[in-house]
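Q: Got a structure for you, questions after.
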Amino acid sequence: MAKTYEKDIKLNDYSKEVLTDFYKTMAKIRKFDENLIRLMQEGKVSGFYHSGIGSEGLSAGSIRQNLRDEDYIFYNHRGCNQKIAKGVPLSKIYGDFLGTIEGTTRGLGAGIVHSADPARGVLGQAGTIGSQLGISVGTAYTSKLTGTDQVTVVYFGDGAASREMLHGSLNWAGLYKLPVIYICENNEYAISCHVSETHAVKENIADWAEGYGIPNCVVDGNDVLLMHEVVKEAVERAKRGEGPTFIEAQTFRHRGHFEGDPYDYVDVEVLQGWKDKKDPIKNFAAKLMLEKIVSEEDLESINAEIDSEIAEAIEKAESAPLPDPKRIYEGLFA
Amino acid sequence: MRKITMRTALMEALNEEMERDETTVLFGEDVGKFGGINAVTKGLYEKFGGTRVFDTPIAEPTIVAAAVGMAITGNARPIPELQFGDFVGIAFDEVFNKMGKWRFMHGGQMEMPVTLRLPIGIAGGAGPEHSQSPQALFMHGPGLQIVIPSTPYDAKGLLKTAIRDNNAVLFFEHKVLYDMKGEVPEDEYLIPFGKADIKKEGDDVTIIATALQVHTALDAAEELSAKGVEVEVIDPRTLAPLDMETILQSVKKTGRVLIVHEEPKTGGSGAEIAAQIQEQALFDLSAPIKRLGSPDVPIAQSIYLEPFYTPSKEQIVQAVDELMEY
Ligand SMILES: Cc1ncc(C[n+]2csc(CCOP(=O)(O)OP(=O)(O)O)c2C)c(N)n1
Ligand SMILES: [Mg+2]
């Protein structure tokens with residue numbers, strides 16, 4: 001059965017620079033999300049948006065300081081958390097939502113899914129959740145084929161984990177010892193269904209990996225440093241040629257499945273508990289201040305910096321033109 | 001007569017048929033307590049209980065395969081739902097080869113009373129994998145019946161027929177139509193498959209349209225009528241079986257044909273309909289058959305580009321004007 005990943009982490013083992021980077025990445029993700037919701041409320045962005053607020057630690061911790069541009073990620077459909085952590089420029093992500101040519105799709109438009117930045121190892125995402133599970137064994141196999149040490153990290157929700165594709169993917173990854181790291185973002189719900197209503201498990205989703213002989217664990221996904229450490233070990237294992245790792249990271253959605261979801265199927269007290277006690281940003285900031293690594297003023301100035309970075313990105317994305325309608329006829333074939 | 005939305009009409013059909021036949025079983029993602037992401041199955045879980053109405057894991061091939069398995073026992077009448085018709089691609093083998101062929105390839109010994117509900121269509125920035133109209137793919141899938149209603153009245157009568165039918169039905173619901181209201185009688189009625197409906201009569205041009213495009217065609221018809229051109233708008237309602245008789249009668253009268261659908265033009269259902277018209281009534285035609293469909297490229301997510309995929313009233317009017325020049 002999947003073990004819970006634990007580690008006694010001392011802040012002093014990290015440089016102030018690295019710790020600040022984790023904080024900054026999480027704060028940037030959240031502010032990006034809040035501003036996107038504002039743009040939706042102003043009627044500038046339409047379509048579905050699945051807010052990633054509440055699980056920033058999972059993405060910042062797994063990606064920052066662990067992955068290089070040449071490492072691949074397949075992000076999931078909740079927020080833009082992983083893309084931001086991987087360094088995709090904010091103006092490009094906003095541009096995709098706004099449909100301007102600043103977007104990575106040069107005006108075709110993208111919601112959470114379909115933004116891509118191959119130079120940063122971001123090879124896109126499907127509208128059909130969980131399809132990335134199959135595609136990721138292809139990128140990982142290619143690292144093996146070409147003899148590079150590039151790893152692939154694939155993110156997917158608890159709900160997406162119930163796709164049949166997961167089992168095909170785990171079988172390949174285990175069989176060919178592929179450098180792929182599975183990160184199941186378990187926020188307990190898939191739209192309205194609690195994970196206990198839709199998954200047959202011994203105890204955790206990560207237990208499924210056990211059957212394929214794949215090292216696995218459950219981890220507090222809202223602890224940015226714990227996330228960082230567990231993924232670091234997995235990346236090292238992959239680079240040593242020892243194959244895949246399956247990490248089930250526990251978190252919770254602060255908002256509904258999509259903007260506009262009444263979100264009445266979740267116990268209000270449970271939700272409030274996650275917001276009050278397990279907010280990854282609030283908790284990390286408190287820890288940094290308690291150990292006097294940063295002051296309140298430091299955090300304020302970081303936040304102010306992010307605010308202006310976001311304002312600039314939105315300005316850049318919004319002021320770019322919409323594409324010519326002929327755009328739809330471009331780029332179907334290479 | 002009372003007016004209700006297509007959503008309510010579908011809900012009534014499900015309710016009535018599930019009451020009438022206790023072997024019916026309805027399942028899919030979030031169809032239970034939540035009532036479905038399009039709120040079509042609201043109240044069914046409370047009324048019929050968690051064994052007959054249940055939420056499934058996110059596993060589309062298993063949803064369809066399980067429906068096939070239930071159906072071939074002869075003891076269950078499954079009504080599965082996929083959240084988006086586009087996801088039929090994930091369950092393609094189960095739909096195309098299992099639902100469609102199981103009975104035939106086993107010598108006709110079993111029945112396939114499955115009604116698979118599939119929401120389709122461009123509905124506002126949902127992107128290339130949540131906006132498609134894949135119905136034509138199944139026109140060369142033997143063993144599959146294809147239903148595609150355009151009004152609440154048709155939706156209710158056809159869904160009731162679909163559920164009672166002992167053969168596989170793919171039931172396509174255009175998402176923009178869910179909120180559209182129309183007259184639906186209180187009394188029970190059924191609409192047979194293979195019976196097209198003439199939504200408006202006219203002598204000059206025959207327009208064959210499906211789903212949302214029936215309404216665009218009717219809007220265009222009004223504008224054309226003001227100019228003195230009377231079009232006849234035919235909604236086939238089922239693409240398989242296809243009511244060629246009604247279509248050919250109209251063609252005989254008008255000699256001019258325009259086919260309009262939201263599916264891509266190439267290989268869309270209009271291609272098959274046009275082929276059958278020219279096979280059977282070439283000498284009734286006084287002009288080449290025209291087709292309007294979406295461009296042969298994936299649907300862009302941008303709401304600014306989306307309008308270029310949906311045939312418009314203006315395009316229909318122009319196409320009719322061109323036909324009238326013959
Ligand atoms: C194959 C497929 N089935 C269904 C959907 C519709 N859908 C989008 S998100 C979602 C729930 C996903 O839940 P989970 O994977 O737990 O991620 P979360 O939204 O909780 O982050 C569903 C059913 C889809 N996009 N793709
Ligand atoms: Mg989830």
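The values are calculated or read from the model by the stated rules, or taken from the named source; none is laboratory data. These figures come from a predicted structure and were not determined experimentally. Glycine also receives a Cβ, built like all others from the backbone with ideal geometry; neighbour counts cover every protein chain displayed. SASA here: full protein model, heavy atoms, side chains in, ligands and nucleic acids out. Shrake-Rupley method; radii C 1.70, N 1.55, O 1.52, S 1.80 Å.
Q: Using r as the Cβ-Cβ distance of A:Glu296 and A:Tyr265, and R0 as 45 Å, what FRET efficiency do you calculate, to the nearest 0.05?
A: Plugging the Cβ-Cβ distance into 1/(1 + (r/R0)^6) gives 0.75.
Q: Relative to a virtual label point 7 Å from the Cα of A:Lys326 in the Cα→beta-carbon direction, which members of region B:301-315 show backbone nitrogen distances below 17 Å?
A: Of the residues in region B:301-315, B:305, B:308 have backbone N under 17 Å from the label point off A:Lys326.
Q: Further question: Mind checking the log10 I(q)/I(0) for region B:197-324 at q = 0.15, 0.18, 0.19 Å⁻¹? Debye, one equal scatterer per Cα, no solvent, two decimals.
A: -0.63, -0.91, -1.01
Q: Continuing with this model, one more query. Quick one: which residues, 5+ away or cross-chain, put their amide H under 5 Å from the amide H of B:Arg237? H built at 1.01 Å from N.
A: For B:Arg237, the qualifying residues are B:Asp197.
Q: Further question: When the Cα centres of region B:252-279 and region A:151-217 are compared, how far apart do they sit, in Å?
A: 46 Å
Q: Per residue in region B:280-326, which ones lose no less than 50 Å² of accessible surface when going from chain alone to all protein chains (1.4 Å probe)?
A: B:Val297, B:Gln301, B:Tyr304, B:Leu305
Q: Using only protein heavy atoms and a 1.4 Å probe, report how much of A:Asp21 is accessible, in Å² to the nearest 10.
A: Accessible surface of A:Asp21 is approximately 30 Å².
Q: Turning to a different aspect of this structure: I'd like the distance between the alpha-carbon centres of region A:47-97 and region B:135-160, rounded to an integer number of Å.
A: Using only Cα atoms to place each centre, the spacing works out to 40 Å.
Q: Measuring with a 1.4 Å probe in the full set of protein chains, what accessible area per residue, in whole Å², belongs to the protein assembly as shown?
A: 40 Å²
Q: Using only alpha carbon pairs under 8 Å that are at least six residues apart, calculate the relative contact order of chain B and give it in whole percent.
A: 16 percent
Q: With Cβ to Cβ distances under 13 Å as the rule, what net charge do the other residues near A:Glu236 carry (K, R +1; D, E -1)?
A: Neighbour charge sum, excluding A:Glu236 itself: -1.
Q: Moving to a separate point now. Compute the length gained on full extension between B:Gln278 and B:Asn75: take 0.36 nm times their separation in residues and subtract their Cα-Cα distance, giving the result in nm to one decimal.
A: Contour length minus the Cα-Cα distance gives 68.7 nm.
Q: When averaged across all projection directions, what area in nm² does the alpha-carbon convex hull of region A:103-186 cover? Mind showing how you got there, number by number?
A: Working: hull surface 23.6 nm².
It is 5.9 nm².
Q: Of B:Pro57, B:Leu323, B:Pro80, which is farthest on the positive side of the dipole of the protein assembly as shown, counting Cα position, with +1 on Lys and Arg Cβ, -1 on Asp and Glu Cβ, and the Cα centre as origin?
A: Value computed over the given set: B:Pro57.
Q: Right, another one. What is the antiparallel percent of DSSP beta bridges lying wholly in region A:3-316, to the nearest 5? Intermediate results must be reported in sequence, preceding the final value.
A: On the way: 3 of 26 bridges.
If we restrict to bridges inside region A:3-316, about 10 percent are antiparallel.
Q: Output wanted: per-residue J couplings in Hz (rounded whole) for region A:159-173, from phi through Karplus 6.51 cos²θ - 1.76 cosθ + 1.60, θ = phi - 60°, x for Gly and Pro.
A: x, 4, 5, 7, 5, 4, 4, 4, 6, x, 5, 5, 4, 4, 4
Q: Next up: Any chance you could tell me what percent of the C-alpha pair distances in chain B go past 34 Å?
A: Roughly 22 percent, rounded to a whole number.
Q: Ranked by accessible surface with a 1.4 Å probe, highest first, in what order do A:Arg78, A:Arg106, A:Arg120 come?
A: A:Arg106, A:Arg120, A:Arg78
Q: Here is a further query. Output the relative contact order of region B:1-82, whole-number percent, from Cα pairs under 8 angstrom with separation of 6+ residues.
A: 33 percent
Q: Give me the one-decimal nm value for the distance between modelled label points at B:Arg164 and A:Glu318, 7 Å along each residue's Cα-to-Cβ direction.
A: 5.7 nm
Q: Taking a temperature of 20 °C and a viscosity of 1.002 mPa s, what whole-number D in µm²/s does Stokes-Einstein yield for chain A with Rh from Kirkwood over alpha carbon pairs?
A: 106 µm²/s
Q: Putting +1 on Lys and Arg Cβ atoms and -1 on Asp and Glu Cβ atoms, find which of A:Gly331, A:Ile191, A:Val154 reaches farthest to the positive end of the dipole of the protein assembly as shown.
A: Positive-end residue among those listed: A:Val154.
Q: Let me ask another. Enter the accessible area of A:Met289 (Å², nearest 10), with the probe set to 1.4 Å and all protein chains included.
A: 70 Å²
Q: Then there's this: What angle do you read, to the nearest 10 degrees and between 0 and 90, between the alpha-carbon axis of helix B:152-164 and the longest principal axis of chain B?
A: Its long axis makes an angle of about 50 degrees.
Q: If you count only protein heavy atoms and use a 1.4 Å probe, how large is the accessible surface of A:Tyr212, to the nearest 10 Å²?
A: Rounded to the nearest 10, that gives 80 Å².
Q: At a cut-off of 20 Å², which residues of region A:191-227 become less accessible once all protein chains are present than in their chain alone, using a 1.4 Å probe?
A: A:Ile191, A:Ser192, A:Cys193, A:Glu197, A:Thr198
Q: Largest first, how would A:Ile53, A:Ile135 line up by accessible area (1.4 Å probe)?
A: Values: A:Ile53 15, A:Ile135 95 Å².
Heavy-atom accessible area, descending, gives A:Ile135, A:Ile53.
Q: If you average over every viewing direction, what projected area does the convex hull of the Cα atoms of the protein assembly as shown give, in nm²? Provide the component values of the computation, followed by the final result.
A: On the way: hull surface 126.2 nm².
Orientation-averaged projected area of the Cα hull: 31.6 nm².
Q: Taking square-rooted eigenvalues a ≥ b ≥ c of the alpha carbon gyration tensor, is region A:56-215 rounded, prolate or oblate, where a/c under 1.5 means rounded and, failing that, a/b exceeding b/c means prolate?
A: Since a/c reaches 1.5 but b/c is at least a/b, the shape of region A:56-215 is classed as oblate.
Q: Using only DSSP helix segments of four residues or longer, with each worth -39500 (n - 2.57), what per-residue ellipticity at 222 nm results for the protein assembly as shown after dividing by its residue count and rounding to 500?
A: On the way: 21 runs with 244 residues, N = 660.
The helix-only estimate for the protein assembly as shown comes to -11500 deg cm²/dmol at 222 nm.
Q: Right, something else. Using DSSP to define loop residues, name the trypsin sites (Lys or Arg not before Pro) in region A:226-334 whose beta-carbon has at most 11 other beta-carbon atoms within 10 Å.
A: Working: sites: A:Lys232, A:Arg237, A:Lys239, A:Arg240, A:Arg253, A:Arg255, A:Lys275, A:Lys277, A:Lys278, A:Lys282, A:Lys287, A:Lys292, A:Lys316, A:Lys326, A:Arg327; in loops: A:Arg240, A:Arg253, A:Arg255, A:Lys278, A:Lys292.
Taking region A:226-334 and a limit of 11 other Cβ atoms within 10 Å, the loop trypsin sites (Lys or Arg not before Pro) found are A:Arg240, A:Lys292.
Q: Using the alpha-carbon centroid of each, what span in Å lies between region B:5-44 and region A:8-44?
A: Taking the Cα centre of each part, region B:5-44 and region A:8-44 sit 42 Å apart.
Q: GNM, chain B, Cα, under 10 Å: largest mean-square fluctuation among B:Gly74, B:Gly157, B:Gly194?
A: B:Gly74
Q: Using the beta-carbon distance between A:Val201 and A:Lys16 and R0 = 56 Å, what value does 1/(1 + (r/R0)^6) give for FRET efficiency, to the nearest 0.05?
A: Taking R0 as 56 Å, the efficiency between A:Val201 and A:Lys16 is 0.85.
Q: Next question, about the same structure. Direction-averaged shadow area of the convex hull around the Cα atoms of region B:71-224, nm²?
A: For region B:71-224, the mean projected area of the Cα convex hull comes to 11.0 nm².
Q: Within region A:249-334, which GluC sites (Glu not before Pro) sit in a loop by DSSP and count at most 13 neighbouring Cβ atoms inside 10 Å?
A: A:Glu291, A:Glu330
Q: Can you list residues from other chains, or at least 5 along the same chain, whose modelled amide H is less than 5 Å from the amide H of B:Thr24?
A: Result for B:Thr24 returns B:Arg77.
Q: Counting only protein chains, not ligands or nucleic acids, how are B:Met105, A:Met26 ordered by accessible area (probe 1.4 Å), most first?
A: Ranked from most to least accessible, the order is B:Met105, A:Met26.
Q: Can you send over the carbon and sulfur percentage of the accessible area for the protein assembly as shown, probe radius 1.4 Å, protein chains only?
A: 52 percent
Q: Taking the Cβ of B:Ala123 as the center, what net charge do the other residues with Cβ under 10 Å away carry, scoring Lys and Arg +1 and Asp and Glu -1?
A: 0
Q: Using a cut-off of under 17 Å, list every residue of region A:103-142 whose amide N is near the label point 7 Å from the Cα of A:Glu70 along the Cα-to-beta-carbon line.
A: The answer is A:118-123, A:139-142.
Q: I need to check one value: relative contact order of chain A, counting alpha carbon pairs closer than 8 Å and at least 6 residues apart, in percent.
A: With pairs under 8 Å counted, the relative contact order is 24 percent.
Q: Related question: Which angle from 0 to 90°, rounded to the nearest 10, does the C-alpha axis of helix B:269-281 make with the longest principal axis of chain B?
A: 60 degrees
Q: Roughly what % antiparallel, to the nearest 5, for the DSSP beta bridges in the protein assembly as shown?
A: 15 percent
Q: How big is the B/A interface in buried accessible area, both sides summed, 1.4 Å probe, to the nearest 100 Å²?
A: On the way: alone 13630 and 15170 Å², together 26190 Å².
Roughly 2600 Å² of accessible surface disappears when B and A pair.
Q: To the nearest 0.05, what FRET efficiency results for B:Gln318 and A:Lys239 with a Förster distance of 41 Å applied to their C-beta separation?
A: 0.10
Q: Then there is this: Using only Cα atoms and rounding to the nearest 10 degrees, what angle (0 to 90) does helix B:313-324 make with the longest principal axis of chain B?
A: Helix B:313-324 and the main axis of chain B meet at about 50 degrees.
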